[in-house]
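Contents: one structure, followed by commentary.
The values are calculated or read from the model by the stated rules, or taken from the named source; none is laboratory data. Source: prediction; values computed, not measured. Reconstructed Cβ throughout: ideal geometry from the backbone, glycine too, with neighbour counts over all protein chains shown. These area figures cover heavy atoms from the full protein model, side chains too; ligands, DNA and RNA do not enter into them. Shrake-Rupley method; radii C 1.70, N 1.55, O 1.52, S 1.80 Å.
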Amino acid sequence: MFYRACADLIVAGHLAFIVFVALGGFLVLRWRRLAFLHLPAAAWGVLIEFQGWLCPLTAMENRLR
């Protein structure tokens, strides 16, 4: 039960990160300093997607499930 709850928390965090990567540019328009977080996150998301790498959060989730 504990491992499943941890896996669910990782999924929620992973989803939040994906939404931030995809839509964080709109937040940067409002709060310019957020670009220091969004640019590396977006670069990581692009690398994961186009290079075929596996996200470490996915591996952790799979281990816990």
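Things to note:
- Some residue of region 36-43 being modelled with pLDDT of 95 or more, surrounded by fewer than 11 Cβ atoms within 10 Å (Cβ to Cβ) and of a type in the set (A, V, I, L, M, F, W, C): yes
- Yes/no for Glu49 being more than 23 Å from Met1 (Cβ to Cβ) and of a type in the set (Asp, Glu): yes
- Any hit, region 49-64, residues being open to solvent by less than 50 Å² (accessible area, probe 1.4 Å) and outside any helix (DSSP H, G or I): yes
- Test result for Gly24, surrounded by 11 or more Cβ atoms within 10 Å (Cβ to Cβ) and not hydrophobic (A, V, I, L, M, F, W, C): yes
- Only residues that are open to solvent by 70 Å² or more (accessible area, probe 1.4 Å) and either aliphatic (A, V, I, L, M) or free of Cβ contacts under 8 Å to residues at least 12 places away in the same chain (or both) were counted across region 1-18, and they come to 6.
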